[in-house]
Amino acid sequence: MEGVTEHLNSDAVQALASGEPQWLQNRRMDAWASYERTPMPTTRLEEWRYTNLDRKLKLDTLEPLGWIERSFSKETAPDRLVAEMEADHESSGHLVELDGSVAHVDLDPALASKGVVFMSLRTAVTEHPELLEEYLATSALPAERGKFQALNAALWTDGILLYVPRGVQLEHPIRVSRWLSESGKALFSRTLIVAEEGSQVSYVDEILSDDLDVQSLVSSAVEVFAKDNAQVQYVSLQRMGRGPFHLSQQRTIAGKDSTLDTLNVNMGATTARLDLNAQLVGSGANSDMLGLCFGEGDQHFDHNTSQDHVAPHAYSDLLYKGALDGKARSVFRGIIKVHKGAQQTDAYQTNRNLLLSETARADSLPNLEIEADDVRCSHGATVGQLDQDHLFYLMSRGMSREVAERLVVIGFLGEVLSKLPLGGVVAKLSRAIEEKLHG
Amino acid sequence: MSDTPILSIRNLHAKVADEDIEILHGVDLELGKGEIHAIMGPNGSGKSTLAKLLAGHPGYEATDGTVHYKGEELLDQEPDERSLAGIFLAFQYPVEIPGVSIANFLRTALQAREGKDAELDLFEFQDALLDRMELLGMDPTFAERPVNDGFSGGEKKRNEILQMAMLRPELALMDETDSGLDIDALQVVADGVNKLHEENPDMTVLIITHYQRLLNYLKPHYVHVMVKGKIVRSGGPEVAEELESRGYEEFKTAQV
């Protein structure tokens, strides 16, 4: 029973489950059973070839963070969290999660009266059990999908539910700010977004932390459903300090003629692993999948994506870019999977990496698996150094080498941001990239 | 010609940095303040190498001779120092920088001219940019586009001229600015350079070109012919006309 430890065990699951409705208790216990029977992934598995969990994740020492009644005030909250929240533009609603427990939620009352639900997952257990029973860890991220999906499904303490009823459109994004302060802990949080037919919503999740001396694990499970004709943008900004291992497992399920776009940004943490599966289940579904990472020092990013075309006439376009300095390392492993019957699929996948030092490294493994015959698919990957001609061009305009390098990186990563029509996020990330460049 | 030339090249030998292939075999050239010179030559004559070397391209290396710019030794300066000292190279193949707008790029370049301690006045910058674009007959939205990203050949060259207009060089090196341009685009670019020279008659211009056609629009005071890494003939505008009718053949054979 690999991965069962002094703190991560069935007692911990029992403790969480006690007092919960029976269906949820069962779901947790089933997930735990699944966790116990699933072997710990090793580098012998293609999907984990470049991330050695034995060395990168000290599971034995981690204590799960329990749920605690918390409140949020700007006076007592960490400065950095408050500063980032204040840098956000207008929002339709805001939620703050501190060390795995939701401490604050607000939602535009006009939206609440239209039936929009935005609340902590824990509250939703009693207030909207029907939604959780149907969607939570069922069709998107069930425990059976993998070792860590099971672990999260068994041990989640809190998280976020966003439900947007049929036809309701949110003018401003929903914003979630999450903060981790504790070392040596394991944090399990879930996000469930259900956008009903013809609805529209943008959702921006930002996770931050201080630098931690001792590793903590942050496990985020994200399930997003866009029903027919819905439009959903999901953005995840991971800007934690050094120390944490961030594990983000996401599944998006796009219905007929829906648009379900994602942006994943990894700039922080010591190790960040993303598993993103975009499933296009309705014909005419669209998914733009954007990603960027910017690493330095000994940061390690591992992106594992799949574009899963189940329905015909669907479109997906992935662009992931990484800039790496110091000894930082990134892995991109992406697959376009076109199922039988998914005719007239358009699916594209591009991964580009820019190495800023001799010791940085990027591995790129794009892949296609096509079982239909009338499709348009392409994939491409590049790993390049800072180009001498680029630098010369900028320096010949009077910029110092340092400024020229900075501009090339901003331009390189900025191409991803320019594809995202979310003003506040673009400004925030441009600033974050510049800050990181200045060291 | 004024007393001290703005640029003085003596017996310049140069090679590709990583290889032992000499490209320039002893170039002598003097440019006076405000003069327009053209260097013409066939492909592979070394004329583009000369332009890049003067701007400090790391791919080329001088092995002998001297270059003085405004009386100072030029060759040991970094490309950015040369730019700040007033040298501008209009590239034959401008580089694409996706994700950085022309306005942002120019703002960064002008900030470099202010130095670290002074902040560029953004309102003044915006006014100057609009003014320069108007002078060159450009649509203001042009500056919002990412630098050279997906630009046509003509747009890239116009962007070079816009940068030149903003940076106000004392010595402008035009490296095959006419390559890949149709006649309309060529005229627009030449008009731009002419306007900048009229506005600032002290600006010295060195045009590097294979063809005579650019010189129909940009009238040089002096024309030099470069063949196999040396200047083999210098004279007035009539040299260009000679070349137009007779070609480079006689220079290739009659070489020193």
Farthest towards the positive end of the dipole of the stretch A:24-141, among A:Pro39, A:Met119, A:Pro129 and with Cβ unit charges of +1 on Lys and Arg and -1 on Asp and Glu, lies the Cα of A:Pro39
Cα-based Debye curve of the stretch A:1-144 sampled at q = 0.12, 0.16, 0.21 Å⁻¹ gives log₁₀ I(q)/I(0) of -0.74, -1.14, -1.31
Too long for a 26 Å Cα-Cα cut-off, among B:Lys33/B:Lys195; A:Lys321/B:Lys15; A:Lys74/A:Lys428; A:Lys256/A:Lys337; B:Lys70/B:Lys252, are A:Lys321/B:Lys15; B:Lys70/B:Lys252
For the stretch B:185-256, listing chymotrypsin sites (Phe, Trp or Tyr not before Pro) in a DSSP loop whose Cβ sees at most 15 other Cβ atoms within 10 Å gives B:Tyr211
Compactness check, the stretch A:134-194: C-alpha Rg relative to the 2.2 N^0.38 Å globular estimate gives 1.36
GNM on chain B, Cα springs under 10 Å; top mean-square fluctuation among B:Leu89, B:Leu110, B:Leu214 goes to B:Leu110
If each part is reduced to its alpha-carbon centroid, the stretch A:241-256 and the stretch B:192-246 end up apart, in Å, by 61
Mean-square fluctuation maximum in Gaussian network of chain B, Cα pairs under 10 Å, restricted to B:Thr49, B:Thr204, B:Thr63, hits B:Thr63
In terms of the charge dipole of the protein assembly as shown, which places +1 on Lys and Arg and -1 on Asp and Glu at the beta carbon, the residue among B:Met40, A:Ala328, A:Leu407 farthest towards the positive end is A:Ala328
For A:Gln344 and B:Leu122, extending 7 Å from Cα along the Cα-Cβ vector and measuring point to point gives, in nm, a value of 4.7
Of the residues B:Pro140, B:Met174, B:Tyr248, the Cα lying farthest along the dipole of chain B towards its positive end, which is defined by charges on the beta carbon of Lys, Arg, Asp and Glu, belongs to B:Tyr248
From DSSP H assignment alone, runs of 4+ in chain A each adding -39500 (n - 2.57), the sum over residues rounded to the nearest 500 puts [θ] at 222 nm at -7000 deg cm²/dmol
Under 18 Å by backbone N from the virtual spin label 7 Å along Cα-to-Cβ at A:Glu133, the residues of the stretch A:10-37 are A:19-30
Length-normalised contact order of the stretch A:282-387, Cα under 8 Å, at least 6 apart, in percent, tallies to 27
Computed about the Cα centre, the charge dipole of the protein assembly as shown from +1 Lys/Arg and -1 Asp/Glu charges at the Cβ has a magnitude in debye, to the nearest 20, of 1120
Here the whole-number average of other chain Cβ atoms within 10 Å per Cβ of B:93-102 is 6
For chain A the mean separation of alpha carbon contacts under 8 Å (6+ apart) over residue count, i.e. relative contact order in percent, is 9
Between the alpha carbon centres of the stretch B:16-56 and the stretch A:310-333 the gap in Å comes to 44
Summing +1 per Lys or Arg and -1 per Asp or Glu among the other residues with Cβ less than 15 Å from B:Pro237's Cβ gives -2
When chain A is treated as a Gaussian network with springs between alpha carbons less than 10 Å apart, the largest mean-square fluctuation among A:Leu386, A:Leu354, A:Leu162 is found at A:Leu386
Computed about the Cα centre, the charge dipole of the stretch A:326-367 from +1 Lys/Arg and -1 Asp/Glu charges at the Cβ has a magnitude in debye, to the nearest 20, of 140
Counting only DSSP beta bridges fully inside chain A, the antiparallel percentage to nearest 5 is 5
Within 10 Å of the Cβ of an average residue in B:184-192, the count of other chain Cβ atoms is 0
In chain A, helical segments from DSSP H whose Cα atoms cover 20 Å or more along their own axis and that average at least 0.5 on the Kyte-Doolittle scale are A:401-417
Relative contact order as a percentage, the stretch B:126-196, C-alpha pairs under 8 Å and 6+ apart, gives 38
Rounded to a whole number, the Stokes-Einstein D of the stretch A:300-439 in µm²/s (Kirkwood radius over Cα pairs; 25 °C; 0.890 mPa s) is 147
Cα-based Rg/(2.2 N^0.38 Å) for the stretch A:132-256, rounded to two decimals, is 1.10
Here, trypsin sites (Lys or Arg not before Pro) of the stretch B:114-185 satisfying both criteria (DSSP loop; at most 16 other Cβ within 10 Å) are B:Lys116
Taking Cα atoms only, helix B:122-135 is inclined relative to the longest principal axis of chain B by an angle, in degrees rounded to 10, of 50
Given all pairs of distinct Cα atoms, the protein assembly as shown yields a Kirkwood Rh in Å of 28.4
Measuring from the longest principal axis of the C-alpha atoms of chain B, the long axis of helix B:102-114 (C-alpha) lies at a number of degrees, nearest 10, equal to 80
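All of the numbers you see were taken from the coordinates with simple rules; none came from a lab. Everything numeric here is computed off the predicted structure, so don't read it as measured data. Neighbour counts are summed over all protein chains in view; Cβ atoms, including those assigned to glycine, are modelled from backbone coordinates with ideal geometry.
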